[in-house]
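Written below as structure tokens is the structure these notes are about.
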Amino acid sequence: MKKMIENTIIAKKTLAPGITSLKIYAPEICAKHKAGQFVILRGWPGGERIPLTIANTDRAKGAITLIFQSVGKTTLQLATLAVGDRVLDMAGPLGTRTHIERFGTVVCIGGGIGTAPLLPITKAMKAAGNKIVTILGFRSRDYIILQNEIEQLSDTLIIITDDGSSGQKGLVTDVLQQLFADGIKIDRIMAIGPAIMMRAVAELTRRAAIPTIASLNPIMIDGTGMCGGCRVTINGSMKFVCVDGPEFDAHQVAWDEVMQRLRTYKQHECRALENYQQNQPERISYAE
Amino acid sequence: MLSKKERLQIAPVKMREQRPEQRIHNQNEVPLGYSPQEAILEAERCLQCKNAPCINGCPVEVDIPGFIGEIARGNFSAAFFKVSEKNVLPAICGRVCPQEEQCQAECTVTKVLKSAERSVNIGKLERFVADYAREKGMRPRVAHQAKSGKKVAVIGSGPAGLTVAGDLARLGHEVTLFEALHVVGGVLVYGIPEFRLPKSIVEYEIDALQQSGVGLKCNYVIGKIKSIKEMLREFDSVFIGTGAGLPRFMEIPGENLIGVYSANEYLTRANLMHAFDFPRSDTPILSGDTVAVVGGGNVAMDAARTALRAGAKKVTLVYRRSEKEMPARLEEIEHARQEGVRFQFLVNPVRILADQNEWVSGMELVRMKLGEPDSTGRRRPVVVPGSEFTMKTDLVIMAIGNSPNPLLLHETPELSINEWGGIIADPETGATSIAGVFAGGDIVLGAATVILAMGQGRRAAQSMHTYMMHSNGKKV
Ligand SMILES: Cc1cc2nc3c(=O)[nH]c(=O)nc-3n(C[C@H](O)[C@H](O)[C@H](O)COP(=O)(O)OP(=O)(O)OC[C@H]3O[C@@H](n4cnc5c(N)ncnc54)[C@H](O)[C@@H]3O)c2cc1C
Ligand SMILES: Cc1cc2nc3c(=O)[nH]c(=O)nc-3n(C[C@H](O)[C@H](O)[C@H](O)COP(=O)(O)OP(=O)(O)OC[C@H]3O[C@@H](n4cnc5c(N)ncnc54)[C@H](O)[C@@H]3O)c2cc1C
Ligand code: SF4
Ligand code: SF4
Ligand code: FES
């Protein structure tokens, strides 16, 4: 049998509209991965380096799973790769590992695509003996991902949608408030999703003084601490998310700045997307 | 044969350059190189000093009179073989070495004529022979020793790592080079711009390494994917050359506004990711009509000149000391000035200002004056009270220095580091606090130069060779 080449896509699934799961052969990264870590990949020559969280690993096959939402040119094009194709470059596992400990009751909150990075963390928290309460928020029923996987790890799973097409209608913070009202003792909260959601969670839990960890997703290039593009202010001092994070105490994050900086290339991103959609190249392939 | 006096009378041969008005609209190299006639004429200026003081100024000890003598006789191939005995990256050094502080500072002609500008142009001649060899497709002619059976890991592919890899491969060891980024070359590819060091040249020199049997592994962030401990199980010795890739910021208000870049990020987007080809290349970069660059070293000059090429109408470099203290190479300052970069000396930003959308709109600065000399011997700048003023700008690029890259060091607590975060290594051997682990280049020196990094690599390679051949394969 021909030896499998690293970075080859060995399985592909569409989990929801615009959300793709790629299982990629990367035995060394797989062997080293710990919850909370990510890779930086570059799909093709001339491609951008983008960070994606390792959502799952398959040690037997030496493969990692990346789950991403197509929001712009790079993630759209990435979704056109097929089984047998290769991503050109992939470095990892990057970032610090999630602090895992037996805390007691851990509430895991995922918003949309944030559910994917939440999966390995939930798994590790469960394995450490925590009681897991998971709150997942999605746009609508069609966008629900990883429900079965998360359900297996959770003592309680609550799904809500923006439009009420599945579960309650509302926001993850509504559920969190309900948990507070019910007097449930919460020892730690992990929140991953859009910055606006993480900020809202942080505001709520600050008042309740519950330790809350958020995973930040700034724009990155190298992922090795070399460019400073991913910098954020944490408790008044400058941190580089790629090496000091991506997880930080949500109560110490300068959220406005995080959101501000994500808008840096708005115009460029729109141009890249239009350009891509107009001149969509033939599907590129790197199968050997 | 020319007499010494006749030689001293030959005027230094200037290298032709692209005109400033033209070159700010392209990425092509600025100096165009010597013709064979120009190179021979310049080579005739060398006095062929018996004691060759120039060699003392070269950290890798290139046989300077030897190769220049061959040029003077028109034997360009022989000149190249001489250079490449000692220097694995001659086309690069000929371009970016601060020769006026290195080999040329020691040159007898410099001393006799009492003028740094009239020294023998050793670097330009070195560039000439390396370019000649590349155009002819020539490769260094070096004997490779028999296979030693020893395995070496080199971490980081900047000039320090490349030198170690080249030297140890020649000595018969099996070398694997690990690089975190997707291309090999370190600062040579992500930092120094195309117009100063064409990337095709770096590729050619790296190709030579590969031909000599060095294995290249890109996308390996050592410390994350493999620890030093694990590497020592796989390899007989390890070299760390991870560079000074941690950008410093000023820690002033407004530094995280949109439109503030570190020079590393700005240059990486431009050089490594080809952001100027956007959207043909996928990585974007912000552009502005007016750009302010903070700093006074080579990095600041590169950022300022890159901004001009990106279409900025006005680029101002602000530096907190006076022109005399600027650490950049004279040639770079001169090139920047010819291209229209403006300089403001003795000023320092205290705050970056924003418009209503939190985009950079300007800077508030203070004037400085020079006080007592500091530990480096340069006069320390002090703030002139009440001298605040503002300056409009669309982009700010911070080029105030880089510190040793801490990523690998954080993951390797056994490694002793100094107060600036660099690895403590024996200056003679490169040995670190871990047996079998050696280090050199910017990770040890702090941000220094290509040739100093190479010099450290050269010495480390020697001691790694000795270490491996005398430890009988046993881990000490
Ligand atoms: C540590 C880390 C882990 C990540 N893990 C995942 C993951 O597992 N799955 C996943 O789908 N995404 C993840 N992201 C986000 C992902 O990197 C971006 O969505 C991607 O880079 C967008 O590239 P693009 O060219 O397709 O879109 P662009 O054209 O760059 O952007 C399109 C839109 O997406 C927004 N955007 C751009 N970059 C980011 C970003 N870094 N985070 C959030 N929004 C962004 C822009 O504001 C814009 O609205 C992660 C980011 C980080 C920093
Ligand atoms: C913009 C700029 C202009 C310059 N101009 C000049 C000049 O004109 N003349 C001159 O002499 N010097 C110049 N310098 C300085 C010179 O480039 C450096 O001194 C030299 O490159 C240092 O070499 P190095 O091998 O120590 O490290 P670097 O060139 O920094 O290379 C280190 C490499 O290690 C990699 N790395 C880091 N961490 C890891 C890890 N954990 N695992 C794997 N790989 C890792 C990095 O990605 C990088 O590729 C300039 C520097 C800059 C930034
Ligand atoms: S390598 Fe640098 S210092 Fe040595 S001779 Fe060449 S230019 Fe001079
Ligand atoms: S010191 Fe100057 S003149 Fe003398 S050999 Fe060296 S380069 Fe030639
Ligand atoms: S991505 Fe460059 S420093 Fe974090």
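Dividing the C-alpha radius of gyration of the stretch A:152-248 by 2.2 N^0.38 Å, with N its residue count, gives 1.27. The Cβ shell under 11 Å around A:Ala254 holds other residues with a net charge of +2, Lys and Arg each +1, Asp and Glu each -1. Overall, the stretch B:4-135 carries a charge dipole of about 360 debye about its Cα centre when +1 sits on the Cβ of Lys and Arg and -1 on the Cβ of Asp and Glu, all other atoms neutral. A simple charge model with +1 on the Cβ of Lys and Arg, -1 on the Cβ of Asp and Glu and nothing else charged puts the dipole of the stretch B:249-400 at about 480 debye relative to its Cα centre. For the protein assembly as shown, the equivalent ellipsoid derived from the alpha-carbon gyration tensor has semi-axes of 49, 31, 24 Å in decreasing order.
Express the carbon and sulfur contribution to the solvent-accessible surface of the stretch B:249-400 as a percent, rounded to the nearest whole number, probe 1.4 angstrom. Percent of accessible area from carbon and sulfur atoms in the stretch B:249-400: 47. Could you work out how far helix A:266-278 tilts from the main Cα principal axis of chain A, as a 0 to 90 degree angle to the nearest 10? So the inclination is approximately 50 degrees. Gyration tensor over the Cα atoms of the stretch B:92-169: the corresponding equivalent ellipsoid has semi-axes (square roots of 5 times the eigenvalues, largest first) of 32, 16, 12 Å. If R0 is 51 Å, the Cβ-Cβ spacing of B:Glu323 and A:Asn148 corresponds to a FRET efficiency of close to 0.15. Treating r as the C-beta distance of B:Leu8 and B:Glu61 and R0 as 25 Å, the FRET efficiency rounds to 0.50.
Give me the orientation-averaged projected area of the Cα convex hull of chain A, in nm², one decimal.
Taking the Cα atoms of chain A, their convex hull projects to 15.4 nm² on average.
The mean accessible area for residues of chain B, using a 1.4 Å probe and ignoring ligands and nucleic acids, is 41 Å² per residue. Each residue of the stretch B:302-314 was assigned a 3J(HN,Hα) from its phi angle through the Karplus expression (A = 6.51, B = -1.76, C = 1.60, θ = phi - 60°), giving 5, 5, 5, 6, 5, 4, 4, 5, 7, x, 5, 7, 9 Hz with x at Gly and Pro. Considering every alpha-carbon pair of the stretch B:396-476, the percent of pairs per 5 Å bin, from zero through the bin containing the longest distance, is 3, 15, 23, 22, 18, 10, 6, 2, 1, 1, 0. Across the stretch B:249-400, the volume of the C-alpha convex hull divided among the residues equals 113 Å³ per residue. Other protein chain C-beta atoms within 10 Å of residue C-beta, averaged over B:217-224: 6. Rounded to whole Å, the principal axis extents of the Cα atoms in the stretch B:36-170 read 51, 29, 25, largest first. Taking every alpha-carbon pair under 8 Å whose residues sit at least 6 apart, the stretch B:4-135 reaches a relative contact order of 27 percent. Leaving ligands and nucleic acids aside, the B/A contact buries around 3700 square angstrom of accessible area in total at a 1.4 Å probe radius.
Could you compute the net charge surrounding B:Arg379? Neighbours are other residues with a C-beta less than 14 Å from the C-beta of B:Arg379; K and R count +1, D and E count -1. Within the 14 Å Cβ shell, the charges total +2.
Backbone N atoms of the stretch A:190-216 closer than 15 Å to the 7 Å Cα→Cβ label point of A:Met259 belong to residues A:193-204.
The label-point distance for A:Ala31 and B:Arg73, in a model that sets each label 7 Å from Cα toward Cβ, rounds to 5.4 nm. On the principal axes of its alpha-carbon atoms, the stretch A:1-149 has extents of 46, 34, 27 Å, going from largest to smallest. The helix-only estimate of mean residue ellipticity at 222 nm for chain B, built from DSSP H runs of length n ≥ 4 each weighted as -39500 (n - 2.57), is -9500 deg cm²/dmol after division by the residue total. Shielding value for A:233-239 is 1, the average number of Cβ atoms from other chains within 10 Å of each residue's Cβ. Of the residues B:Ala263, B:Trp359, B:Ile192, the one whose Cα sits farthest towards the positive end of the charge dipole of chain B is B:Ile192 (charges of +1 on Lys and Arg Cβ, -1 on Asp and Glu Cβ, taken about the Cα centre). A simple charge model with +1 on the Cβ of Lys and Arg, -1 on the Cβ of Asp and Glu and nothing else charged puts the dipole of the protein assembly as shown at about 920 debye relative to its Cα centre. What Kirkwood Rh does chain B have if only Cα atoms enter the pairwise 1/r average? Answer in Å. This gives a value of 23.6 Å.
For the cross-link pairs B:Lys114/B:Lys324; A:Lys3/B:Lys217; B:Lys82/B:Lys124; A:Lys239/B:Lys369; A:Lys123/B:Lys224; B:Lys147/B:Lys217, which exceed 24 Å when the distance is taken from alpha carbon to alpha carbon? Too far apart for the 24 Å limit: A:Lys239/B:Lys369. What separates the Cα centres of the stretch A:155-226 and the stretch B:380-410 is a distance of 37 Å. Calculated over the stretch B:154-289, the projected area of the Cα convex hull averaged across directions stands at 10.4 nm². For the residues of A:208-219, the average number of beta carbons from a partner chain within 10 Å of their own beta carbon is 0. Compared with the direct C-alpha span, the chain from B:Val382 to B:Asp426 gains 12.3 nm at full extension, assuming 0.36 nm per residue. Built from the Cα atoms of the stretch B:367-425, the convex hull projects on average onto 7.1 nm², one quarter of its surface area.
Estimated from the Cβ-Cβ distance and a Förster radius of 25 angstrom, the FRET efficiency linking A:Lys169 and A:Lys13 is about 0.35. The alpha-carbon atoms of the stretch A:30-70, seen along their principal axes, cover 32, 18, 17 angstrom, with the largest extent given first. By the compact-protein rule of thumb, 2.2 N^0.38 Å, the alpha-carbon radius of gyration of the stretch A:9-96 corresponds to a ratio of 0.99.
The number of Lys pairs in the stretch A:9-96 with C-alpha atoms less than 23 Å apart, excluding pairs fewer than 8 positions apart on the same chain, is 14.
The residue among B:Gly33, B:Ala91, B:Gln9 whose Cα reaches farthest toward the positive pole of the charge dipole of the stretch B:4-135, with charges on the beta-carbon of Lys, Arg, Asp and Glu, is B:Gln9.
Altogether, the Stokes-Einstein calculation at 10 °C and 1.306 mPa s, with the Kirkwood radius of the stretch A:105-215 over Cα pairs as Rh, returns a diffusion coefficient of 117 µm²/s.
Over the C-alpha trace of the stretch B:317-393, radius of gyration and Dmax come out as 14.5, 43 angstrom.
Chain B: longest stretch without exposed chymotrypsin sites (Phe, Trp or Tyr not before Pro) (DSSP loop, at most 16 other Cβ within 10 Å), sites themselves excluded? Looking at chain B, B:1-248 is the longest stretch - no exposed chymotrypsin sites (Phe, Trp or Tyr not before Pro) with at most 16 other Cβ atoms within 10 Å.
With the largest listed first and rounded to whole Å, the semi-axes of the equivalent ellipsoid of the stretch B:14-59 from the Cα gyration tensor are 31, 15, 7. Compare the Cα positions of A:Ser215, B:Pro327, B:Gly440 along the charge dipole of the protein assembly as shown (+1 at Cβ of Lys, Arg; -1 at Cβ of Asp, Glu; about the Cα centre) and return the one farthest towards the positive end. Final value for the positive-end residue is B:Gly440. Excluding same-chain neighbours fewer than eight residues apart, the aspartates and glutamates reachable from B:Lys86 by a Cα-Cα span under 13 Å are B:Glu61, B:Asp63, B:Glu126, B:Asp167. Over the stretch A:80-164, Cα pairs under 8 Å with separation of 6+ residues give a relative contact order of 28 percent.
The values are calculated or read from the model by the stated rules, or taken from the named source; none is laboratory data. Here the structure is a predicted model, which is why all the values come from computation and not from measurement. FYI the Cβ positions are ideal-geometry reconstructions off the backbone, even for glycines, and counts take in every protein chain you see. These accessible areas exclude ligands, DNA and RNA; they are computed on the full protein's heavy atoms, side chains included. Shrake-Rupley method; radii C 1.70, N 1.55, O 1.52, S 1.80 Å.
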